[in-house]
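Here is the structure we will look at, set down as structure tokens.
Throughout, read-outs are computed from the coordinates displayed, never taken from laboratory work. As the structure is a computational prediction, the values presented were derived from the model and not from experiment. When we count neighbours, we look across all protein chains shown, and the Cβ atoms used for this are built from the backbone with ideal geometry, even at glycine.
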Amino acid sequence: MADDLQRGNWNGNALFAVIDENEAREAYIGELDVAAYCGCQYCIGRSDTYVTWSGRLPTQGTTVAADLNGFEIGDVLRIGSDIYRVEDKVSPGAREALCLYFSNHADAIAFGRQILPVFKIKSREEHLGEPLGIFEVTGYCGCEKCCGLKGGLTKAEKIPKAGHTIAADPEVLPMESKVEINDIVYVVEDTGKLVKGNVIDIYFNTHEEAVRFGRQKINVYLVP
């Protein structure tokens, strides 16, 4: 994030105190310094379509970036009186624990930086399908570096789509299989030379987004 959005202090070692024993519980994290960002050149260094670290498009009022030393992608948080989902990560070296996404820079600046009570909402996990276990999940795009040829169709002879297309080992996940990854349902439409065994490659629109996603260990679910 921009320098003026990177003040505050966070060590990633919050203590949780459970305050509600119902199925949907809240664990108090503490009073945290919460900043703001948007998808503009000033905040993230680019101004084209921005995809979060989870692979989702960010949404104002829903998306929050977090220090992944203290939070996980998919965590549901109550920040002040509003509910957010951790879908992104703060920049390396950032001192804030949380950064709310806004659809424009003016709103992000207007929010500024606030000290707010933060709770983690714990609820029984619900997934759409059968658990397949932990996969190594990476990102790719249609560039020459990722695919050898720029653009082109997938192995299934379809135009790849961000938030939809994945490459997988057909011996593990046959073509057209549907899987849930980080609450998003993807379709196997491609393969890859290095995509073998429990490995999945998620398609992104740009190489920068694919690199930013990196390599993650994620629980994957087979959707009927």
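Any idea which residue in segment 144-189 is surrounded by the most Cβ atoms within 10 Å (Cβ to Cβ), counting only those that are of a type in the set (S, T, Y) and closer than 22 Å to R212 by Cβ?
Kept after step one, since they are of a type in the set (S, T, Y), are these residues of segment 144-189: 154, 165, 177, 186.
Next, only the ones that are closer than 22 Å to R212 by Cβ stay: 154, 165, 186.
Working: T154: 21, T165: 22, Y186: 26.
For segment 144-189, the residue satisfying everything is Y186.
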### Query
Does segment 96-109 contain any residue that is surrounded by fewer than 16 Cβ atoms within 10 Å (Cβ to Cβ), assigned to a strand (DSSP E or B) and among the acidic types (D, E)?
no
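Return yes or no: is K161 closer than 22 Å to L68 by Cβ, of a type in the set (D, E, K, R) and under 20 Å from the mean Cα position of the chain (by Cα)? Can you show your working first?
Values: closer than 22 Å to L68 by Cβ: no; of a type in the set (D, E, K, R): yes; under 20 Å from the mean Cα position of the chain (by Cα): yes.
The answer is no for K161.
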### Query
Among the residues of segment 190-205, is any under 14 Å from the mean Cα position of the chain (by Cα), surrounded by fewer than 16 Cβ atoms within 10 Å (Cβ to Cβ) and in a strand (DSSP E or B)?
no
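Among the candidates P160, P170, single out the residue that is assigned to a loop (DSSP other than H, G, I, E, B), touching a residue at least 12 places away in the same chain (Cβ under 8 Å) and out of contact with any strand residue (DSSP E or B) (no Cβ under 7 Å at 6 or more places or on another chain). Give the steps one after another, and end with the answer.
Details: P160 fails: out of contact with any strand residue (DSSP E or B) (no Cβ under 7 Å at 6 or more places or on another chain).
Checking each option against the conditions leaves just P170.
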### Task
Just give me the residues in segment 51-70 being in contact (Cβ under 8 Å) with a residue 40 or more places away in the chain and over 11 Å from the mean Cα position of the chain (by Cα), in sequence order.
T59, Q60, D67, N69, G70
